[in-house]
Amino acid sequence: MDFLALTEAAQSLAAVAPQAEAGGETPFQINLFWVLTQAASFALFLVIVYLAAFRRIGGVLEDRRQRIEQGLKDAEQARRDREQAAQEHAAALAEARREAQEILNRAQRLAQESRDADIAATKEDLEKMRVRAAGDIEAEKQRAIAELRTEVADLALAAASKVLGEEVTDARQKRLVEEFLREAAATEPRG
């Protein structure tokens, strides 16, 4: 009800009250029995509502409060776990980077050592080949010189036999060649 309706009701009662007093009738009577009965009914209603609804509602609210508190505790624990996991992840990542750098350094060092060893082996092989080639050249030179001496000796004997007009025997030819070679070796410059 609104305030305007209440004021109209009060005015109409005020107008009726003087008329009722004149007629001997009282419009408002307070009956104590009905007041007590209504009070007892209201108290019984409150007890029933409390037992039926408020207790259950209080239990539901308490359960909800406990769930919310547990949710907050779980959220806090999850936050701490997440921070710890992030720290562990960062530490593991740093360790992995360090190990990767060590592996890279070791691989570079091994590659450099292998390269150095290959270069040294190649130099050694080249030196051996040079020494062998020098030995082959020297042997070929000595063979060529010996062959050349033999041809020179043969030519000299042929020329000597023509000059002398006689045939040179094998024994004499051998002796003459050996003498010539000794003289040629003695007069040959050393170098």
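Here are the numbers for the structure shown:
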{"item": "From the options Q112, Q101, Q142, residue that is closer than 21 Å to K174 by Cα and in a helix (DSSP H, G or I)", "result": "Q142"}
{"item": "Residues (loosely packed, with under 11 Cβ neighbours inside 10 Å and either modelled with pLDDT of 75 or more or of a type in the set (S, T, Y) (or both)) located in the range 149-170", "result": "E151, L155, T169"}
{"item": "Qualifying residue in the range 121-135 (condition: under 30 Å from E178 (Cα atoms) and out of contact with any Phe, Trp or Tyr (no Cβ under 9 Å at 6 or more places or on another chain))", "result": "yes"}
{"item": "Complete set of residues in the range 2-41 that are modelled with pLDDT of 85 or more and surrounded by 10 or more Cβ atoms within 10 Å (Cβ to Cβ)", "result": "W34, V35, L36, T37, Q38, A39, A40, S41"}
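The values are calculated or read from the model by the stated rules, or taken from the named source; none is laboratory data. All figures in this text were calculated on a predicted structure; none of them were measured in a lab. Cβ coordinates were reconstructed from backbone atoms using ideal geometry, including for glycine residues, and neighbour counts include every protein chain displayed.
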